[in-house]
Amino acid sequence: MLKVFNDLTMEREEFVPLEPGKVAMYVCGPTVYDYFHIGNARTFVVFDAIRRYLEYRGFKVTFVQNITDVEDKIIRRAAERGTSPEEVARQYTDAYLEDSAALGIKPADVQPKATEHIAEIIDFIQRLVDRGYAYVVDSDVYFDTSRFTEYGKLSHQSLEDLEAGARVEVDERKRHPADFALWKAKKPGEPGWDSPWGEGRPGWHIECSAMSTKYLGETIDIHAGGADLIFPHHENEIAQSEAASGKPFARYWLHGNLLNVGGQRMGKSLGNFVTVREARRQYDPEVIRFFLLSAHYRSPLNYTPESLESAKGALERLYNAAVTLEHLARPERLAREQGRADEFHARLPKYKDQFTAAMDDDFNTADAISALFDLVRDAHASLGPDAPAGVAAEALALLRELGGVLGLLGRAGGLDDLAEEVQSLIDQRQAARARRDWKESDWIRDELAAKGIILEDTPSGVRWKRKV
RNA sequence: GGCGACAUAGCCAAGUGGUAAGGCAGAGGACUGCAAAUCCUUUACCCCCGGUUCGAAUCCGGGUGUCGCCUCCA
């Protein structure tokens, strides 16, 4: 039974989608004004893994993620650079898609952009105005939070609590400090679209309500994002959507914890961030992905160079196992040993169950990964050089299957044909070893290492792999 | 002030009542021409103090410390 922690109820609940077998899932995407950083990546990677697991579990998932391509920061960035907001948005949308692909994040089924849904957004706001949930001041439109009695149900705060926070900017034109803009009147030099209230652009929160409703319907199964979006963003989405439709907006609200650096939140404003782009120069993106999945998604996770190194070592161990298994799985091998391998073979389902149980438990990726390591250790210990190829092949298939659920080990195995030059060097080295010419032998090994080919002399013959 | 988390070995991190997973790093051993990979062995007064219980890292109460949200932010 799949259990998920629902931030709306603050409880772990059985996951039951509205329509059996189908999941409507919406994850808030990036505002494209800069490269995204590893902290942002944590959320995207985590919910990508969750999506993959739901699919693995047999659900037909419709995954929607927006791209916010009109917003204050984009406009500001464009002004700084003397270019247009469209240009800034285009550049960083491309960068976002490229970096996410590198992190192994599957493309969304629908990736709507705010600027391409202005008509839907205007309709949505109009509905709120008509129903008395929004009011117009000059050419701005605000949501009237006082009218929505359940306001605060996600962040578990009342309007009074929020007011007491005293960090709300005072704006005399708003009826309540917590009221937020649905439509912002155009200021000189800003992009704008015609609307019943004058030229302007949408507020941040409304796009998600409008686009989620358009592509997934009025009530969706899962709405997710980073924990920092709980308030005000998701609170506001609930208010807008439920005020407009009169129906529950999302059944399960999932939020990923933030990534810390030096015990503090990684954030643009703190200047302590590392973009995925930068990190990619130093680490294989799969290492970054592994690191981001190495803690439970609702736990804090601290970013340090050491933890990345640790992730690298761990991932290498998994890949080493894949290489070993692939060698053992070669069909031409003669298997002379059967006993231990048979017992191991019988244990394979256990590892799959272990993995599934961990993921069923509110997507415990850290625990699920440990099932991979348990499988790998058992495989190494149980499959000697003479183990049957079929068992090795099955173990490798399972490792790839489970790794794939997490978006890992995509390159597992895949012993491609070596370049002839490389193969002849290996042959030369074998000849040198046969005549105990260690100098020549070691020289060739170093030579290949420089090309990223690692040689290992094993009881069952020389074997090679690519450096991670 | 309000709302909410977190505190487990050198480091990272699972574990929601029954002898403390997993990874990284370290040490020793096996294998190897040497390596590499791998295997075996090895390292925890579970932040503190009370309480509940036959039994608590796990539940309750009280501390201490760290963090997040309450303003744009994944």
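In terms of Cα to Cα distance under 25 Å, which lysines are near enough to A:Lys187, apart from those fewer than 8 places away along the same chain?
Once the sequence-local lysines are set aside, what remains near A:Lys187 is A:Lys73, A:Lys113, A:Lys174.
Using only the alpha-carbon atoms, how far is helix A:235-245 inclined from the longest principal axis of chain A? Give it as 0 to 90 degrees, nearest 10.
On a 0 to 90 degree scale, this one is about 70.
What are the lysines whose alpha-carbon lies under 16 Å from the alpha-carbon of A:Lys153, with same-chain residues fewer than 8 places away excluded?
Reachable lysines: A:Lys247.
Normalised by the residues of region A:19-121, what does the relative contact order come to in percent, with Cα pairs under 8 Å and at least six apart? Write out the running numbers ahead of the final one.
Numbers: 124 pairs, mean separation 37.5, N = 103.
Once normalised by length, the contact order is 36 percent.
Straight distance only, please: which lysines reach the Cα of A:Lys312 with their own Cα at less than 28 Å, same-chain residues fewer than 8 apart left out?
Excluding near neighbours in sequence, the set is A:Lys106, A:Lys268, A:Lys350, A:Lys352, A:Lys451, A:Lys465, A:Lys467.
Ignoring ligands and nucleic acids, what accessible area does A:Arg81 show with a 1.4 Å probe (Å², nearest 10)?
Counting only protein heavy atoms, A:Arg81 exposes about 110 Å² to solvent.
Using DSSP to define loop residues, name the trypsin sites (Lys or Arg not before Pro) in region A:195-295 whose beta-carbon has at most 15 other beta-carbon atoms within 10 Å. Walk me through the intermediate numbers first.
Numbers: sites: A:Lys214, A:Arg251, A:Arg265, A:Lys268, A:Arg277, A:Arg280, A:Arg281, A:Arg289; in loops: A:Lys268.
Counting only loop positions with at most 15 other Cβ atoms within 10 Å, the trypsin sites (Lys or Arg not before Pro) in region A:195-295 are A:Lys268.
What figure in square angstrom, to the nearest 10, would you give for the accessible area of A:Asp446 with a 1.4 Å probe?
Here the accessible area works out near 100 Å².
Using a Förster distance of 41 Å, how high is the FRET efficiency between A:Asp94 and A:Asp427, based on the Cβ-Cβ distance and rounded to 0.05?
Values: r = 45 Å, r/R0 = 1.11.
In this case the efficiency is close to 0.35.
Subtract the Cα-Cα distance of A:Glu456 and A:Lys268 from 0.36 nm times their separation in residues, and report this length gain in nm to one decimal. Write down the numbers at each step before the final one.
On the way: separation 188, 0.36 × 188 = 67.68 nm, distance 4.47 nm.
Length gained between A:Glu456 and A:Lys268: 63.2 nm.
Can you tally the net charge around A:Glu19? Count Lys and Arg as +1, Asp and Glu as -1, for every other residue whose Cβ sits under 14 Å from the Cβ of A:Glu19.
Values: positive: A:Lys22, A:Lys60, A:Arg251; negative: A:Glu218, A:Asp221.
Computed value for this residue: +1.
Expressed in nm to one decimal, what extension gain is obtained for the pair A:Glu116 and A:Ala419 from 0.36 nm per residue of sequence separation less their Cα-Cα distance? Don't skip to the answer; put the middle values down first.
Values: separation 303, 0.36 × 303 = 109.08 nm, distance 4.85 nm.
Additional length available on full extension: 104.2 nm.
Tell me what chain A gives for mean residue ellipticity at 222 nm when only DSSP H runs of n ≥ 4 count, each as -39,500 (n - 2.57), the sum divided by the residue total, rounded to 500 deg cm²/dmol.
Only helices count here, giving -15000 deg cm²/dmol.
How big is the accessible area of A:Lys247 in square angstrom, nearest 10, if you roll a 1.4 angstrom probe over the protein chains?
Approximately 100 Å² for this residue.
DSSP loop GluC sites (Glu not before Pro) in region A:322-413 with at most 11 other Cβ atoms within 10 Å of their Cβ, which ones?
Qualifying residues, ordered by number: A:Glu332.
What is the angle, in °, between the Cα long axis of helix A:85-102 and the longest principal axis of the Cα atoms in chain A? Nearest 10 is fine, range 0 to 90.
Result, in degrees: 30.
Taking R0 as 56 Å, what FRET efficiency do you get between A:Phe373 and A:Ser158 from their Cβ-Cβ distance, rounded to the nearest 0.05? All intermediate terms of the calculation are to be shown ahead of the outcome.
On the way: r = 46 Å, r/R0 = 0.83.
Computed FRET efficiency for A:Phe373 and A:Ser158: 0.75.
Against the longest alpha carbon principal axis of chain A, how many degrees, from 0 to 90 and to the nearest 10, is the axis of helix A:305-328 turned?
50
What does the charge add up to near A:Lys186, with Lys and Arg as +1, Asp and Glu as -1, over the other residues with Cβ less than 9 Å from its Cβ? Don't jump to the answer; show the numbers that get you there.
Numbers: positive: A:Lys184, A:Lys187, A:Arg201; negative: A:Glu190, A:Glu199.
Cβ neighbours under 9 Å give a net charge of +1.
What is the percent carbon and sulfur in the accessible area of chain A, measuring with a 1.4 Å probe over the protein chains and ignoring ligands? If you can, show how the numbers build up before the last one.
Values: 10150 of 20720 Å².
The C+S portion of the solvent-accessible surface of chain A is 49 percent.
Per residue, how large is the accessible surface of chain A? Use a 1.4 angstrom probe and give square angstrom. Show your work: numbers first, answer last.
Numbers: 20720 Å² over 468 residues.
Averaged over the residues of chain A, the accessible area is 44 Å².
For labels at A:Glu316 and A:Glu14 in the simple 7 Å Cα→Cβ model, what's the distance in nm?
Between A:Glu316 and A:Glu14, the label points sit 4.6 nm apart.
Using only alpha carbon pairs under 8 Å that are at least six residues apart, calculate the relative contact order of region A:3-301 and give it in whole percent. If you can, show how the numbers build up before the last one.
Values: 486 pairs, mean separation 72.7, N = 299.
Once normalised by length, the contact order is 24 percent.
On the principal axes of its Cα set, how long, how wide and how thick is chain A? Give whole Å, largest value first.
Sorted from largest, the Cα extents of chain A read 90, 51, 37 Å.
Please figure out what share of the DSSP beta bridges in region A:3-301 is antiparallel and state it in percent, rounded to the nearest 5.
Working: 18 of 37 bridges.
Antiparallel bridges: around 50 percent, rounded to the nearest 5.
What's the FRET efficiency of A:Glu172 with A:Lys106 using the Cβ-Cβ distance as r and R₀ = 60 Å, to the nearest 0.05? Show your work: numbers first, answer last.
Working: r = 47 Å, r/R0 = 0.78.
E(calc), rounded to 0.05, equals 0.80.
As an exercise, identify the GluC sites (Glu not before Pro) in region A:120-160 lying in DSSP coil whose Cβ has no more than 13 other Cβ atoms within 10 Å.
Numbers: sites: A:Glu120, A:Glu150, A:Glu160; in loops: A:Glu150.
Hits after loop and neighbour filter: A:Glu150.
Could I have the simple spin-label model distance between A:Ala346 and A:Trp438, label points 7 Å from Cα toward Cβ, reported in nm to one decimal?
Going from the A:Ala346 label point to the A:Trp438 one covers 4.5 nm.
Quick one: dipole size for chain A, taken about the Cα centre, charges +1 on Lys/Arg Cβ and -1 on Asp/Glu Cβ, in debye to the nearest 20.
Details: 60 positive and 76 negative charges, 196 e Å.
Result for chain A is approximately 940 debye, rounded to the nearest 20.
Label point 7 Å out from A:Glu309 along Cα-to-Cβ: which residues of region A:259-286 have amide N under 17 Å?
A:262, A:282-284
The values are calculated or read from the model by the stated rules, or taken from the named source; none is laboratory data. This one's a predicted model, so the numbers in the text were calculated from it and none came from an experiment. Methodologically, a virtual Cβ is constructed for each residue, glycine included, from the backbone with ideal geometry; neighbour enumeration extends over all protein chains shown. Ligands, DNA and RNA are excluded from the accessible area calculation, which covers all protein heavy atoms including side chains. Shrake-Rupley method; radii C 1.70, N 1.55, O 1.52, S 1.80 Å.
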